[in-house]
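The values are calculated or read from the model by the stated rules, or taken from the named source; none is laboratory data. The model shown is predicted, which means the values in this text are computed figures rather than measured ones. Neighbour counts run over all protein chains shown; Cβ positions are idealised from the backbone, glycine included.
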Amino acid sequence: MEFKTHKEPSCPVFQNVKNLNTMQLTTISPSKPRNGAINALQKEDLPIHGWYRFVLSYPPHLVRQYMSAFGLTRGDLLLDPFCGTGTTLVEARKHSIASVGCDAHPFAALVSRVKTNWALDPKLLKHHLSRILRRGETLMLKHGLASLSLDSKLFQELAKLDRNGYTLTEDEERLLPTGFLSHRPLQRLLILRDEIEAELERRPPAYREFFLVSLSCVVANGAGNFAFGPEIYRTKPKSDYDVLGHFARHTHQMITDLAKIRTAITNPARCEVFGSDARELSGVPGDISAVITSPPYPNEKDYTRTTRVESIIVGLLRDRQSLRQVKESLLRSNTRNIFVEDADSDEVSEFKSIQTVCKQIEHRRIELKKDSGFERLYHKVVAHYFGGMRRHLRALRPKLRRGAPLAYVVGDQLSFLMVPVATAKLLAEVAAAEGFKTIGCDLWRERVGTKIRNSPTNEKTVRVKEEILLLQKA
Ligand SMILES: C[S@@+](CC[C@H](N)C(=O)[O-])C[C@H]1O[C@@H](n2cnc3c(N)ncnc32)[C@H](O)[C@@H]1O
């Protein structure tokens, strides 16, 4: 499959939304992404957004387009109920629009909190950074981690002599996908993690979190042996990595960004992040004037795996039980987070269109004699997914102002034995049942796949759309 073309959201819908909304258009100017780079972070968006960027993030320019289309201003309250690593929230803050975010994954909530907390003192952060680096370097020297050029055989000898305690617990090791982190980079990361904890023990937790997000970026963008394409996969193992240098440069950049934004925006709009399940939205305030979000799609992406290594390093996943708790709080969107007691599918039992897709998947599985435990769950994922989204929309409705516009970025899927799942279309039906009307559906991008083997329709090519479903509280 490859991305072939994209269209920018079509103007008629924009117009439509503007007319439905009595609010004034702000001065936010929607930027025009180049063809092929529609989902990439634009250079001018690097400050803050670049502190840690989730591989499944959407770009800030998409958020700008819809903040503009919805005519959001300072008096509004924008919600992202699946906020991930905070793209919507950071963009809202940059444009002085109050916002609320919610993500059930503790790592995503941590990153969103850090990226939207502009109250930390840059001078104090610099002071702590230099102490962490000094102590970190001393400890690395002490534990035979000075030179990046030591060959790994020699290092193994040293490591035997020096059981320095910088290791994961057995439980943490069990959670780490095999080969995703080599021994020496891991030790360097753990030394820094401990130093961050010790150095900031007496400061408010936000200071500690700031440095932990920087360390996570080092894990994801250098120290780890993994990459995305688009699924997470293992890369060639690195015998070592300059964790200290990367951490120093990245944290310094974060402090510089923070100092600049604090000078540019002296009285930022409020922003709150909740670590709640969007199917319940507990704690999330009412009087929301708009939603811009991207929930998971019904496919085989395991959100706990995408950020697994970082979550372990910063201490958010410690054992199988904590991993299971996180999985249970997420929308069911893949076979790795389906549990026997799940009942979200009951919410959509009367939707003929959804039931038909589920039946097609199960029928196809039997036809192809696919019999593994995971394959048997495919049709259930789809039903639980739309049931969970229905619960989300039900919890959301009373929190919205009358006429509030909503933008949901969702992708069609073929992950389940190539049976098409028209996510936006089916979600629109579910939304109608919960008191929302569809006011548009903009094409965001389109993948064109060729030579589909095992396609139920025997088509040579197939188009898979990622769309922005536009709803309004009826
Ligand atoms: C596609 S990502 C959102 C990315 C985000 N737009 C960004 O730019 O970073 C979907 C997010 O939904 C979160 N999520 C999944 N199930 C959830 C639930 N039940 N409640 C809240 N968040 C959930 C995942 O943890 C993930 O961070």
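Data for the structure
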item	result
Checking Ser10 against (1) within 16 Å of the ligand (Cβ to nearest atom); (2) among the small types (Gly, Ala, Ser); (3) modelled with pLDDT under 50, the condition it does not meet	(1)
Residue that is assigned to a helix (DSSP H, G or I), at pLDDT 95 or above and in contact with a Phe, Trp or Tyr (Cβ under 6 Å, 6 or more places away or on another chain), where the choices are Val382, Val430, Val409	Val430
The range 264-285 residues that are closer than 12 Å to His392 by Cβ, paired with ones that are within 14 Å of the ligand (Cβ to nearest atom) and hydroxyl-bearing (Ser, Thr, Tyr) (beta carbon under 6 Å, 6 or more apart)	Ser276/Ser282; Asp277/Ser329
Considering residues of the range 315-345 that are among the charged types (D, E, K, R) and within 22 Å of Thr356 (Cα to Cα) only, the residue nearest to the chain's Cα centre (by Cα)	Arg332
So Asp103, is it buried (at least 23 other Cβ atoms within 10 Å of the Cβ), among the acidic types (Asp, Glu), within 12 Å of the ligand (Cβ to nearest atom) and farther than 26 Å from Thr251 by Cα	no
Filter result (farther than 15 Å from Phe351 by Cβ, within 14 Å of the ligand (Cβ to nearest atom) and touching a helix residue (DSSP H, G or I) at 6+ places or on another chain (Cβ under 8 Å)) within the range 370-403	Val381
Residue list for the range 340-372, filter: at pLDDT below 95 and of a type in the set (Ser, Thr, Tyr)	Ser372
Condition met for Glu362 (away from the ligand (no atom under 15 Å from the Cβ), over 30 Å from Ala69 (Cα atoms) and surrounded by fewer than 21 Cβ atoms within 10 Å (Cβ to Cβ))	yes
Any hit, the range 198-211, residues being buried (at least 23 other Cβ atoms within 10 Å of the Cβ) and either more than 18 Å from His143 (Cβ to Cβ) or not hydrophobic (A, V, I, L, M, F, W, C) (or both)	yes
Residues being closer than 22 Å to Arg402 by Cα and at pLDDT below 95 - total across the range 44-88	3
Hits in the range 66-75 - residues which are surrounded by fewer than 24 Cβ atoms within 10 Å (Cβ to Cβ) and in contact with a helix residue (DSSP H, G or I) (Cβ under 9 Å, 6 or more places away or on another chain)	Ser68, Gly71
Of all residues making up the range 99-150, the number that are hydrophobic (A, V, I, L, M, F, W, C), at pLDDT 95 or above and farther than 14 Å from Leu244 by Cα	14
Within the range 297-339, tally of residues that are outside any loop (DSSP other than H, G, I, E, B) and at pLDDT below 95	7
Residue check, Ile288 in contact (Cβ under 8 Å) with a residue 40 or more places away in the chain, outside the structural domain of Glu195 (by TED's automatic domain parsing) and away from the ligand (no atom under 14 Å from the Cβ)	yes
Test: residue in the range 76-93 that is over 20 Å from the mean Cα position of the chain (by Cα) and charged (D, E, K, R)	yes
